[in-house]
Structure formats: structure tokens, C-alpha cells
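This report refers to the structure that appears directly beneath it.
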Amino acid sequence: MTNLPAAAFARYDDSPDEQFYAVTRLVTHIDAEAISSLTQLYRELFPADGMILDLMSSWVSHLPTDVQYGRVAGVGMSAEELAVNPQLDEFIVQNLNREPRLPFADSSFDGVGICVSIQYLTRPVEVLREVGRVLKPCAPLAITFSNRCFPTKAVAAWQMTDDAGHAHLIREYLRSAGNWGTVESLDCRPHRRRGEDPLYAVVARKDAEAA
Ligand SMILES: C[S@@+](CC[C@H](N)C(=O)[O-])C[C@H]1O[C@@H](n2cnc3c(N)ncnc32)[C@H](O)[C@@H]1O
């Protein structure tokens, strides 16, 4: 378990997430340059022909379009957004704050991405333990984030800290989940120009020994 108190996961808007995500948002949450850096990160981490999971997905997955994956599955809150995502082969609508258990077999994915969304999880340790369960040993998880969010839906622990603190928080979630091996923090846009969005990543690999 995490050492963080329950108050760390309080939100201004603690109404059911289904209400907030009833509004379809066909928008991007980071600028084109940050998306390009994200796509490059995915290109480097996720193997061609591999099984990929886009967790907390929407109408875009930001995967390279010139790489063929074996299967891309999406999990998110909006059926309307997921249905028009051209990179998904299948999707599931699931509120991870209500049900953190993922409906996939053990060791079934070669890579998982969580893009600009980790701050909305109220049970992140349970979800990340599940991500570890469904990943193959040593396969990568890329958790990416920028410097903005839907503030009413982000947990208190996220709101209280800065970019470096966000990376530390994610690393604490992974440590608490207990089934991760190497963990690396990256600044994916160290040379960005003024006004451009930052993009940071915490990349973890499933522990080789974990079930
Ligand atoms: C800022 S959007 C990012 C979407 C997408 N990953 C992207 O890069 O554009 C946040 C996403 O988190 C997902 N999300 C938020 N709360 C969730 C929850 N309780 N359970 C599952 N997914 C959730 C929503 O589906 C939403 O699409």
C-alpha cells in the first residue's frame, strides 16, 4: 500500500466520473510538438507487431501511424470518443476509480501507455498493479504528463506539487504497486521553446520475477 493518506486522493469534484465524461471532447490536451515527442517515445518503447494497451484513452492514441501493432486495445470513459479512435482495434468503457481490475489476461500486453491522465486516478496503486499484471515480464509502461489538467478532477496530491513532484508521485505509486522493476523519469522536451507544452514521462518495466 502507499504511505499517502486518503486525503491525497480527494477531488474538488467527487461526483461520479460518468457525469464529467458524458460530454464528448474531441480535443487534444497537449500541443503538436508534445504529441510528436510522445509518438517518438512510443516508437522507441513499443515493439512492432506487439499487443498494446492505451489506458485512459480517448479519440486519439498518439501511436506512430507507420508501425503495425498486433492489437491495440483502449480503456476509457467515453464510448463516443473511443469509437472514433482510428488506432484502436477494440475498446472498453470502464471507470477505473470504481473498478480498477482490468479485464485482460495476465502477461497479455507488450506495452501500455497512460497519456496525460494519471492525475485522475483515485486508486492509482491498484490500477498500476493491474497494469503490471497484464504486461509481459520486462515490458514497458509509459506514463506521460504535461503541466495542465482538468483541475476539478485531479487528485489533491497532484494539485499540491509541480512537474518534478508529479514524477516523484508516480514513482511512489509504482513502488507501492510492488510489481515493477526499473523506473526512469524523462523530460521528453528539454529544448522546447517558450510557450510550448512540456512533456514528461515515467517509464517503468514490469519486474521480471512478478506474476
Ligand atoms: C485528458 S484526457 C486524455 C485522453 C488521452 N489519453 C489523450 O492523450 O488525449 C483524460 C482521459 O482519462 C480518462 N479517464 C478519466 N477518468 C477516468 C476513470 N475514472 N476511468 C477510466 N478512464 C478515465 C478519460 O477517458 C479521458 O479520456
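Could you order peptides 164-173, 124-133 by the average number of other Cβ atoms within 10 Å of their residues, highest first? Mind showing how you got there, number by number?
On the way: 164-173: 18.5, 124-133: 23.7.
By packing density, highest mean first, the sequence is 124-133, 164-173.
Could you tell me which of rounded, prolate or oblate describes segment 6-206, using a ≥ b ≥ c as the square roots of the eigenvalues of the alpha-carbon gyration tensor, with rounded for a/c under 1.5 and, failing that, prolate when a/b is larger than b/c and oblate otherwise?
Values: a/c = 1.15, a/b = 1.09, b/c = 1.05.
Note, shape of segment 6-206 comes out rounded.
Quick one: net charge of PHE91's neighbours, Cβ under 14 Å, K/R +1, D/E -1?
Numbers: positive: ARG71; negative: ASP54, GLU80, GLU81, ASP89, GLU90.
Around PHE91, the charge tally is -4.
Given contacts defined as C-alpha pairs under 8 Å and at least six residues apart, what's the relative contact order of the chain, whole-number percent? It would help to have the intermediate numbers written out before the result.
Numbers: 413 pairs, mean separation 47.8, N = 211.
For the chain, the relative contact order is 23 percent.
Could you work out the relative contact order of segment 1-92? I mean the mean sequence separation of Cα pairs under 8 Å and 6+ apart, divided by the number of residues, in percent. Show your work: numbers first, answer last.
Numbers: 110 pairs, mean separation 22.9, N = 92.
After rounding, I find 25 percent.
What size of dipole, in debye to the nearest 20, comes out for segment 6-206 about its Cα centre when the only charges are +1 on Lys and Arg C-beta atoms and -1 on Asp and Glu C-beta atoms?
Numbers: 20 positive and 26 negative charges, 94 e Å.
The calculated dipole for segment 6-206 is roughly 460 debye.
Where both partners of a DSSP beta bridge lie in the chain, what percent of those bridges are antiparallel, to the nearest 5?
Working: 12 of 30 bridges.
For the chain, the DSSP antiparallel bridge percentage is about 40.
From the Cα gyration tensor of segment 88-144, with a ≥ b ≥ c the square roots of its eigenvalues, which class applies: rounded if a/c is under 1.5, or else prolate if a/b is larger than b/c, or else oblate? If you can, show how the numbers build up before the last one.
On the way: a/c = 1.38, a/b = 1.28, b/c = 1.08.
Rounded, because the longest to shortest axis ratio a/c is under 1.5.
Throughout, read-outs are computed from the coordinates displayed, never taken from laboratory work. What you see is a predicted model; the values in this text were computed from it and never measured. So basically every Cβ, Gly included, is an ideal-geometry build from the backbone, and we count neighbours across all protein chains shown.
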